[in-house]
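To keep things clear, I will list the structure first and then write my remarks on it.
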Amino acid sequence: MPKAHIVGTGSSVPRRVLTNFDLETIVDTSDKWITRRTGIVERRICSSAEKEGTADLGAQAALKAMEMAGIAPKDLDMIVVGTVTPDRQFPAAACMIQNQLKAENAFAFDISAGCSGFLYGLSLVNDTIRVGSCKNALVIGAERLSSITNWTDRGTCVLLADGAGAVVVSADTKKGGILSSHIQSDGSLWELLYSSYGNSFVPEILSGLDTKPFYLKMEGNRLFKRAVEYLTAIAEKALKENSLSCEDVALLVPHQANIRIIQAVAKNLNISMEKVFTNVEKYGNTSSASIPIALDEANRQGLLKKDDYLLLIAFGAGLTWASSMIRWSI
Ligand code: ACO
């Protein structure tokens, strides 16, 4: 049976940097508060002047991953994009990326699983490769959260950002690759984090002059606690299924939402922060793009060696959470 191996990584972030000091001029906040409570120092925000849509960033990240993998567009069978901010309600960002890449032999679609979108996509691609229905796939996380951010809400606008990351996943019978994937959700908690517009319950045509805000809404405190609990649980599940202990894991790459969530999970798992990759200080929370961006940086910095055990964990709107245990094989 073929196994799914990550054979290339890539990422792309907007050029424009928005610092905590810039945010001090927009809302009632301070660099000190944001740094202490979140670990974020700056983030990247798309600019309408640049060619920086969700699909543009996703395609750029994909091209870098394909270059590393030595995969041509025509070799791709499948393109899956985790996103909650495609450029249009439809078609899928994945189809727009397929067009930019000229990957004419692939089928393409989006997954909406909040910040877990990339790991949901990786899980699906893993299964598809294992049953022999796909040889080469692109899994992308791409977001333009700035488009749904309420820039007057200091509780959320200091956290969110834009960017994209991608991996090429290929079928191979060699040792290693994706060892396990776990994906979970709990729809009863959807109201902890959602967008208040877009296919709204009451059709726009019936709502008269009632202009609805289309912003992201979040209950930060309650999410924080669930994030720590669920990320810990799904990491433990991945370890158990693979008969591994924390000491076996060479690198943990968690969703980059808040450094305090990451530290709490690392503490629960008894994993030293030296083995946890973080870049939340540079990019903020880029939702489904955060893990593939972090993975690409870790890979290009040479932090992953062949045969290393790599654990990816995500948590997001839905609520959704997910993990993937990988034996690095590049
Ligand atoms: N600047 C200054 N003060 C602020 C800011 C800000 N940007 N935001 C909130 N405050 C104030 C609040 O008004 C509150 O003031 P009060 O005590 O006078 O009422 C005080 O700071 C404390 O607010 P809390 O919400 O309790 O602060 P907390 O320490 O919980 O941090 C945060 C808030 C950063 C949002 C945290 O709860 C968090 O990170 N939650 C998880 C969010 C998250 O990860 N969301 C995404 C998960 S899924 C995904 O990634 C899409």
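The values are calculated or read from the model by the stated rules, or taken from the named source; none is laboratory data. Please read all numbers here as calculations on a predicted model, not as lab measurements. So basically every Cβ, Gly included, is an ideal-geometry build from the backbone, and we count neighbours across all protein chains shown. With ligands, DNA and RNA removed, areas are computed over all heavy atoms of the protein, side chains included. Shrake-Rupley method; radii C 1.70, N 1.55, O 1.52, S 1.80 Å.
Restricting the range 160-175 to residues that are part of a strand (DSSP E or B) and more than 16 Å from the ligand (Cβ to nearest atom) leaves a set whose member that is nearest to the chain's Cα centre (by Cα) is 166. Inspect the range 248-262 for any residue being out of contact with any helix residue (DSSP H, G or I) (no Cβ under 9 Å at 6 or more places or on another chain), away from the ligand (no atom under 12 Å from the Cβ) and acidic (Asp, Glu) and give the result as yes or no. For the range 248-262, residues out of contact with any helix residue (DSSP H, G or I) (no Cβ under 9 Å at 6 or more places or on another chain), away from the ligand (no atom under 12 Å from the Cβ) and acidic (Asp, Glu): absent. Within the range 169-182, not a single residue is touching a residue at least 40 places away in the same chain (Cβ under 8 Å), β-branched (Val, Ile, Thr) and under 26 Å from residue 284 (Cβ atoms).
Annotation note: of 268, 221, 285, the sole residue that is within 10 Å of the ligand (Cβ to nearest atom), of a type in the set (S, T, N, Q) and open to solvent by 30 Å² or more (accessible area, probe 1.4 Å) is 221.
For the range 31-46, the set of residues classified as surrounded by 14 or more Cβ atoms within 10 Å (Cβ to Cβ) and over 20 Å from the mean Cα position of the chain (by Cα) consists of 31, 33, 34, 35, 37, listed by residue number. Kindly provide the set of residues from the range 129-159 that are out of contact with any helix residue (DSSP H, G or I) (no Cβ under 7 Å at 6 or more places or on another chain), away from the ligand (no atom under 12 Å from the Cβ) and touching a residue at least 60 places away in the same chain (Cβ under 8 Å), ordered by number. If the condition is that a residue be out of contact with any helix residue (DSSP H, G or I) (no Cβ under 7 Å at 6 or more places or on another chain), away from the ligand (no atom under 12 Å from the Cβ) and touching a residue at least 60 places away in the same chain (Cβ under 8 Å), then 129, 130, 132, 135, 146, 147 are the ones that fit. Being part of a loop (DSSP other than H, G, I, E, B) and of a type in the set (Gly, Ala, Ser), is that true of even one residue in the range 55-64? Looking through the range 55-64, none of the residues is part of a loop (DSSP other than H, G, I, E, B) and of a type in the set (Gly, Ala, Ser). Candidates 69, 62, 94, 108: the one that is farther than 30 Å from residue 259 by Cβ, open to solvent by less than 60 Å² (accessible area, probe 1.4 Å) and within 16 Å of the chain's Cα centre (by Cα) is 94. Candidates are the residues of the range 86-125 that are at pLDDT 95 or above and among the polar types (S, T, N, Q); the one that is nearest to residue 196 (Cα to Cα) is 112. Among the residues making up the range 1-30, a single one is part of a helix (DSSP H, G or I) and open to solvent by 80 Å² or more (accessible area, probe 1.4 Å): 21.
The number of residues in the range 234-247 that are in a helix (DSSP H, G or I) and open to solvent by 50 Å² or more (accessible area, probe 1.4 Å) comes to 5. Can you find even one residue in the range 314-326 that is away from the ligand (no atom under 12 Å from the Cβ) and more than 15 Å from the chain's Cα centre (by Cα)? Yes: one or more hits.
Only residues that are open to solvent by less than 70 Å² (accessible area, probe 1.4 Å), outside any loop (DSSP other than H, G, I, E, B) and more than 16 Å from residue 295 (Cβ to Cβ) were counted across the range 255-265, and they come to 4. Scanning the range 51-71 for residues that are of a type in the set (S, T, N, Q) and more than 18 Å from residue 106 (Cα to Cα) yields a single hit, 54.
Return yes when residue 301 is at negative phi, surrounded by fewer than 17 Cβ atoms within 10 Å (Cβ to Cβ) and within 16 Å of the ligand (Cβ to nearest atom) and no when it is not. No.
Is it true that some residue in the range 22-34 is of a type outside the set (Phe, Trp, Tyr) and at positive phi? Within the range 22-34 (the criterion being of a type outside the set (Phe, Trp, Tyr) and at positive phi), the answer is no, since none of the residues qualifies. Within the range 284-303, residues that are part of a helix (DSSP H, G or I) reach partners that are at pLDDT below 95 and more than 16 Å from the ligand (Cβ to nearest atom) with beta carbons closer than 8 Å, at six or more positions or on different chains, in the pairs 299/330. When every residue of the range 47-58 is checked against the conditions, none turns out to be surrounded by 21 or more Cβ atoms within 10 Å (Cβ to Cβ), more than 16 Å from the ligand (Cβ to nearest atom) and among the polar types (S, T, N, Q).
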